[in-house]
Structure formats: C-alpha cells, structure tokens
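Worksheet for the structure shown next.
The values are calculated or read from the model by the stated rules, or taken from the named source; none is laboratory data. All figures in this text were calculated on a predicted structure; none of them were measured in a lab. No Cβ is skipped: glycine too gets one built from the backbone with ideal geometry, and neighbour counts run over all protein chains shown.
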Amino acid sequence: MSAASLIAEEEKLATVALVGSPNCGKTTLFNAMTGMNQKVGNYPGVTVEEKDGLLVRGGRKARILDLPGLYGFSAMSPDEAIAREIIEGKSAFERRPDAVLFILDGSALHRSLGLLATVLQEGLPTAVALTMVDEITARGGRLDTLKLSRALGVPVFGVVGHKGTGVAEVLDAAVDAQSWPRPVVAAPLESAVARAAWSDTVLQECYREPKKENRLSRRIDEFVLHPVMGPVIFLLVMGFLFQAIFTWAGPLMDLMSGACSGFGAWIESWAPAGLPRDLVVHGVVEGVGGVLVFLPQIMILFFLINLLEAVGYMARAAFLADRLMGFVGLQGRSFVALLSCHACAVPGIMATRSIPSESDRLKTMLVAPFMVCSARLPVYTLLIAAFVPERAFWGPLGIQGLILFGLYLFGAVTAFTASWVLSKTLVKGSLLPFYMELPPYRWPTFRNVFLSMWHRAKIFVSRAGRVILPASMLLWVLLAFPRAQADPGVPAAVAQSRQLQQSFAGRIGRFVEPVFAPAGFDWRINIGVIASLAAREVVISTLAQIYGVESEDETGLVDMLKKARDPETGRPLMDFPTAMALIAFFVFALQCISTLAIMRRETETWKWPAFAFGYMGVMAWIAAVAAYQILSRLSV
C-alpha cells in the first residue's frame, strides 16, 4: 500500500482523544490501548508533544490521541491551550476528535469531575475511564460505577491500570467510540462554584468517601518530603542511580565493545585492503559502534528514572525542588522541564510549554542545556572509565559512580546559578503560583516502564543512524583526504599519523590549536570538539576513528585512550588532566545544533540561541583551561 493510501486510511479512522489531568493514569491507559503502535510528534510551530497511536481490536481500528494533561480550560500554559483548542475544534494542527475518553482520577474525584464538567459541555461522544478505583475500596470507600454512569449520562469503565482490570472493556468500546452518547449538561458551568455544586450532585447517590486516608503514602512522605531528610534521600537515590549505570552496564558494554571490535577484525580478515574497507571499518564500525556501546547505560538510566516516576517519587522531587527553584527565580514546573533534559535538551525545552510565565519559560530554556543529557553520558563515562581508577569509595559506592553523580549534580547547580544571575539581570519577572497533584505511591506498571525505556533506546539508536553514521562517514572522508605521499622508510604508525595530520580534518584541528592549547587539547581532540557540534556523541566516534587508525591493537576505545602514544614522540595522546579538561568543556558547552534550532523555534528569534551558545562556550573554555592548568600542576 502506498504512503498516500496509508495516510488516507488513517484519516478515515475515528479519533478518540484521551483527556485528563496530569498523573491520572492516562499514560498507562494509552500504552495499554496502543502498545507498540504509537508514535510521538509535535504540533507544528508550538512544539508541544503529542502521542498518537493505533488501537486494533477484533479487526477494527481507531486512532488514539493522547492530549497534554490539563487541570482546566483556563489555559494558563501553552500545552493546556493546545488541548483546549483541539477539544473545541479550534486547532490549526489537529482536527477535532470524533470522541473523548475522559480519564477520571479516582483518588481526586471532586477535582477531576470539575474538569469533566467542562469537557461534557463540548457535546462530543464521551465515555469515562475511572482509574484507581482499587484505592477507593482499599481505604473503605465505595463508588457505584453504574449509578455514576446514569448521573453523567455516559458509559463509565472502572480501570486498574497496573493490574489490567477493566482495560479490555475500554478497548472493546473505543473501536466503536462514535456510538457513545453525546452528554447533555443542563446548564452552563462556567464558574468554579457551579462546577463544584454539580460534582456534589453527581456523587451524592453513588459515592461514599473513604474512611481512612492513604496511610502508607502519608508515612513515606513524612520522610521523603521532610525539609532535611527529603534532600538527603534524594541525593542517596540519585547516587544509587548513577552507581548502577557503571555497575550494571559494565558487562553488557564489554560484550558490545568486543562484538564491535570482532566485527571490524572479521571484515579486515577477508576484505581487500583499500579505501572501501577503511571506510567500513573505521568510518562505520568504529565510528557508530563506539557510540552504540553506551546503549546499556542509556537503557539503565531511563529504566530507573521511569521507575521512580511510576511509583510517584518524581512528583515529590519536584515538590522538594520548588522552594529552591523559587530562590533562583524559577518554579516547580521548571524542575519538570529540566528533569526532561536528562533525556535530551530538545524535549526539555519543549516541556517549557507547561510554564505559564514567559520570563520563566525563557530562563528555563537558557539554562536547560546545562543539565546532563543522554548525549553527554557516553562522553563522561568513556573518559571516567579510561582515566579514573575503578576503586570503592564507601561500601558499594565506587569513585567512578560518585564522579558521574557529581557531574549531574554540578550541571543542575550550574543551571540554577545561571538562572539566578539571569533573574537579576536580563530576564526579570514575577513568579506565578505552582500547583501539582501529588499522586499516591503506587506499584509500578513494569510494562509501561519498559515501554518508556524502549522508546528512549530507539531514539538513541535512531540518532546513531541519522546523525552519527553520516557524521562518521563524513569525518572519515575528511581524515582520509588528501592522501599523503607514501614513504617506504617511515614506520606504518608514523605514516598513518602524518596522513591524519595532513588531512582536511587534521588541518582544521591544527588551525584551532592556539585556542585550545591552554586546555591541553591537541589537534585530534580539537577535531572531536568541532565535530561534536552536530551532536555531542560525535566526539566519541571521532576519537574512535582517529585512535583506531593509529592504534595497532584491536581493543576497545577505553583501552585505546589509555595506551595511545604519539608515534613520533612517544608521549601519551591523552592523560588525566586533559581528560578532565575535556569533561569540563562538555559540562558547559552547548554542543548541539538541534538544541539551538529548537530554542530558536521556541523563542522565534536567533538572539537567545546565539546568546546561550556564546556565554556557555566562554564558560566551557574557561572551565577546561582552569581544569587542565590546575590538574597538570598538581600531577607534576
């Protein structure tokens, strides 16, 4: 079937919009409805993330659209405005849905019903998925879904997402969503008081309040949200997370590194010597493979982050951070956006759409690139593994894991400090109130955790194919040409080194040596720094290619960095001060064209991206020079 036919078929499908407040269980239900038949995109021009999936049930299909979470139609933030425009049929980017599946949060019924009242007034075919009904029963409450359905005039399905209870009924009904009734609300419910009175009337005959509070959540929160213990617990949790990145991923990384080296050696064993073989071995296998080796660390990082979010801890972390965020001129919503930057600064900057204040949005965007993203993670772990000894610090905590955690923490501290400076100088503004619902602690739905981890892994692998592979092949061409004249009397290693120096890439690296020489960077590292503008991970594929060509051993990149010597002088190509200076550079530098592009798109001007690139570049150079000069003197 042609692409045009597929698009036409998709347009004919009924679109069911999932609507609900944040943390209501909407994502769990969306994943259950769409499985692997989902895609993530953005609304053109506004870059608010949308999730779009296909539900297939009994040979019938429906398009499922997961709208941004919202608390009401007041549209304080851009993402709420997008959801409202789509429901009202006023969006320029998305046609009005054929039906609405409203996710009613059973743990916050009165608030959720207020939003439902607004949605019902739109007159679309509607059904309700009532989540967390098990929590109502567990705390001695009761909710009669049949009576609630009669009171609302729409179907109501009780759902317990992590157990799968009621999900099948929702799936069966969703493929026939256009037959759902169109609710009739007796009178307009424009005010908060009117919606509250309507909610009380609806619940009067079908709901009995729980007799006991959620004691487990309350007891845990006594420690987790404590002014002193809370931050300590947060640091311990994060320390465990980053220690796990080294400890758990090590065997898998060694396996993948060995596989890449073995694959390259196998190609060299049968392919005739020449430029085509060198392109495949050094430009593709070593270039892309050097980055893919870090896939286990990416997967472990996001598995643990998604797990913490699923149990309800990340909402508490945002609550704890709100006081600090206010001190540096931001708010809790900024914490959520900055946390997203640990995946990539691009979705983190997109997440600022949930921030109502324009000044807060701009400040968050300008400091977001300081947060350690998944592109920095391979750079950090490579250099730490190569030049920091693998020793225990205290109990199960190792020096390598602590340094990695320190880099993440330092990135956050730098972002907060920069925000405070911007608040006092260029981007002044008043803070708006921050509202966040703290969900009860829940047993995680591991299927959703793995799906989210798999989604991030696919992005990382896709990036390796779309960005790293072309960049690696282009870099190989720049390293291979022009060809130096062969000199039979020169050892092979020396000849290869001279070829690299005389290549186009080598000339560029040597041209900028006066700039980076105070940081201890030679022309080889300079090539990686320049190439990493395409994506930070490219510095790894660059070093893998250069050191792979000059190395006579078929070893992993970590060993190459440790053992690499200049063929003519015999001195190490990289040492501890240089490695730490390179880390310091990447802590601050905005080496990502995609981030600059999305920042320009969000601010609608090149002024702020240019400002961010400039001031972060200056900070990166100063930090790298300082690190190298201090450490080189201490190591003498």
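Residue-by-condition table, conditions (1) in contact with a Lys or Arg (Cβ under 7 Å, 6 or more places away or on another chain); (2) assigned to a helix (DSSP H, G or I); (3) exposed (fewer than 15 other Cβ atoms within 10 Å of the Cβ):
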position: SER452; (1), (2), (3): no, yes, no
position: LYS458; (1), (2), (3): no, yes, yes
position: LEU469; (1), (2), (3): no, yes, no
position: LEU475; (1), (2), (3): no, yes, no
position: PRO482; (1), (2), (3): no, no, yes
position: PRO488; (1), (2), (3): no, no, yes
position: GLN496; (1), (2), (3): no, yes, no
position: GLY506; (1), (2), (3): no, yes, no
position: GLY509; (1), (2), (3): yes, yes, no
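Consider THR414 against the criteria (1) touching a helix residue (DSSP H, G or I) at 6+ places or on another chain (Cβ under 7 Å); (2) part of a helix (DSSP H, G or I); (3) more than 21 Å from SER374 (Cα to Cα); (4) hydroxyl-bearing (Ser, Thr, Tyr): it satisfies all of them except one. Which criterion is unmet?
Here THR414 clears every test but (3).
Kindly establish whether SER532 is of a type in the set (S, T, N, Q), at pLDDT 85 or above, buried (at least 21 other Cβ atoms within 10 Å of the Cβ) and under 21 Å from SER261 (Cα atoms).
Here the answer is no, as SER532 does not meet what is asked.
So, in the range 335-366, of the ones that are of a type in the set (Val, Ile, Thr) and either in contact with an Asp or Glu (Cβ under 9 Å, 6 or more places away or on another chain) or touching a residue at least 24 places away in the same chain (Cβ under 8 Å) (or both), which residue ends up surrounded by the fewest Cβ atoms within 10 Å (Cβ to Cβ)?
Selected residue: VAL346.
Which condition number in (1) within 13 Å of the chain's Cα centre (by Cα); (2) without any contact (Cβ under 8 Å) to a residue 24 or more places away in the chain is the one that ILE399 fails?
(1)
Scan the range 493-514 residue by residue and report those that are closer than 18 Å to MET574 by Cβ, at pLDDT 90 or above and not charged (D, E, K, R).
Within the range 493-514, ALA505, GLY506, GLY509, VAL512 qualify.
Here are some residues: VAL494, VAL490. Which one is in contact with a Pro (Cβ under 9 Å, 6 or more places away or on another chain) and farther than 30 Å from SER374 by Cβ?
Answer to the check: VAL494.
What are the residues in the range 214-239 that are assigned to a helix (DSSP H, G or I), at pLDDT 85 or above and either among the hydrophobic types (A, V, I, L, M, F, W, C) or over 28 Å from the mean Cα position of the chain (by Cα) (or both), if any?
Correct list: ARG219, ILE220, GLU222, PHE223, VAL224, MET229, VAL232, ILE233, PHE234, LEU236, VAL237.
Need a quick list: helices (runs of 4 or more DSSP H) entirely within the range 294-404 having at least 1 residues that are over 30 Å from LEU631 (Cβ atoms).
In the range 294-404, 295-311, 313-327, 332-340, 345-350, 358-367 are the helices (runs of 4 or more DSSP H) which contain 1 or more residues that are over 30 Å from LEU631 (Cβ atoms).
For the range 511-524, give me each residue that is over 22 Å from LEU469 (Cβ atoms) and either of a type outside the set (Asp, Glu) or crowded, with 23+ Cβ neighbours inside 10 Å (or both).
Those that are over 22 Å from LEU469 (Cβ atoms) and either of a type outside the set (Asp, Glu) or crowded, with 23+ Cβ neighbours inside 10 Å (or both): PHE511, VAL512, PRO514, VAL515, PHE516, ALA517, PRO518, ALA519, GLY520, PHE521, TRP523.
Within the range 68-101, take every residue that is among the basic types (Lys, Arg) and closer than 24 Å to GLU602 by Cβ and give me the one that is nearest to the chain's Cα centre (by Cα).
Restricting to residues being among the basic types (Lys, Arg) and closer than 24 Å to GLU602 by Cβ, the top hit is ARG84.
With the requirement that a residue be surrounded by 17 or more Cβ atoms within 10 Å (Cβ to Cβ) and of a type outside the set (Val, Ile, Thr), what does the range 135-165 give you?
GLU135, GLY141, LEU143, LEU148, SER149, ALA151, LEU152, PRO155, PHE157, GLY158, GLY161, HIS162
What about TYR71, is it out of contact with any strand residue (DSSP E or B) (no Cβ under 8 Å at 6 or more places or on another chain), over 19 Å from VAL167 (Cβ atoms), modelled with pLDDT under 80 and among the aromatic types (Phe, Trp, Tyr)?
Yes: the conditions hold for TYR71.
Does GLY262 satisfy being assigned to a helix (DSSP H, G or I) and buried (at least 21 other Cβ atoms within 10 Å of the Cβ)?
no
Just one of (1) among the small types (Gly, Ala, Ser); (2) surrounded by 17 or more Cβ atoms within 10 Å (Cβ to Cβ); (3) outside any helix (DSSP H, G or I) trips up ALA273, so point out which.
(2)
Scan the range 299-317 and tell me whether some residue there is of a type outside the set (S, T, N, Q) and farther than 30 Å from GLU222 by Cα.
yes
Give the residue that is farthest from ALA194 (Cα to Cα), with candidates limited to residues of the range 93-112 that are modelled with pLDDT of 90 or more and aliphatic (A, V, I, L, M).
Looking at residues that are modelled with pLDDT of 90 or more and aliphatic (A, V, I, L, M), I get ALA99.
Consider only pairs whose beta carbons are under 9 Å apart and that are at least six residues apart or on different chains; among these, list those whose first residue lies in the range 321-334 and is at positive phi and whose second residue is surrounded by 14 or more Cβ atoms within 10 Å (Cβ to Cβ) and outside any helix (DSSP H, G or I).
Pairs found: GLY329/VAL427; GLY329/GLY429; GLY329/LEU431.
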